[in-house]
1. Based on the Kirkwood radius over alpha-carbon pairs, what value in µm²/s does the Stokes-Einstein equation return for the translational diffusion coefficient of the chain at 20 °C and 1.002 mPa s?
2. Can you give me the orientation-averaged projected area of the convex hull built on the Cα atoms of segment 76-154, in nm²?
3. Going by alpha carbons, how many degrees (0 to 90, nearest 10) lie between the helix axis of 101-114 and the longest principal axis of the chain?
4. Considering every pair of different Cα atoms, what Kirkwood radius, in Å, is found for segment 39-118?
5. Quick one: which of 2-9, 91-98, 115-122 comes out on top by average Cβ neighbours within 10 Å, and what's the full order, highest first?
6. If amide hydrogens are placed 1.01 Å from N in the peptide plane, which non-local residues have theirs closer than 5 Å to the one on K70?
7. Tell me, what % of the accessible area of the chain is carbon and sulfur with a 1.4 angstrom probe?
8. Which whole-number value in Å² is the accessible area per residue of segment 1-156, probe 1.4 Å?
Amino acid sequence: MPKLNINGKIRDVQVEADTPLLWVIREQLGLTGTKYGCGVAQCGACSVHIDGVVQRSCSIRVGDVKASDKIVTIEGLSADSSHPVQKAWAAIDVPQCGYCQSGQIMAAAALLRKNPKPTDADIDAAMTNICRCGTYQRIRAAVHLAAGTTGRSTAVPANSKS
């Protein structure tokens, strides 16, 4: 029985080694903030942190995760939505349909951990998740807000619906 460290808790899961981590997170543990989007690690809706690095959980087999790996889902980022990225997302009103946003937030948090003052180019390079609603300008503005910077010529006012 695999043991996984998810959001600071050691969990025993009864699944086959080739089960995608996403299904364990959602179906076995009931942490449904991590979304299924494409199943081929392209869209990023399933993004989680594994040892501080953003990873797409739909393409990671449980058997490839060590018990010592620290997995953080959107639920584990902050119990009360007080993470700077979550606060910036709300302040800028980033979500439209919202489906991809947990993955977007996880990617942004990983970016800011690695690069606390990213440029637009840094954000564009790191934020490879797909948003079908096209909220990319608001995403970029929220990353700048969370970083405590102003979005160079691309900031979108909080009341904008780009």
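The values are calculated or read from the model by the stated rules, or taken from the named source; none is laboratory data. For clarity, every value in this text was computed on a predicted model and none was experimentally measured. Neighbour counts run over all protein chains shown; Cβ positions are idealised from the backbone, glycine included. Each accessible area value is taken on the protein alone, full model and side chains, heavy atoms only, with ligands, DNA and RNA left out. Shrake-Rupley method; radii C 1.70, N 1.55, O 1.52, S 1.80 Å.
1. After rounding, the answer is 134 µm²/s.
2. Numbers: hull surface 18.8 nm².
Value for segment 76-154: 4.7 nm².
3. It is inclined by approximately 80 degrees.
4. Final number for the Kirkwood radius of segment 39-118 is 13.3 Å.
5. Numbers: 2-9: 16.2, 91-98: 17.8, 115-122: 13.6.
Result, highest mean Cβ count within 10 Å first: 91-98, 2-9, 115-122.
6. Answer set, sorted by chain and number: D51.
7. Numbers: 4160 of 8010 Å².
Reported share for carbon and sulfur atoms: 52 percent.
8. I get 48 Å² per residue for this part.
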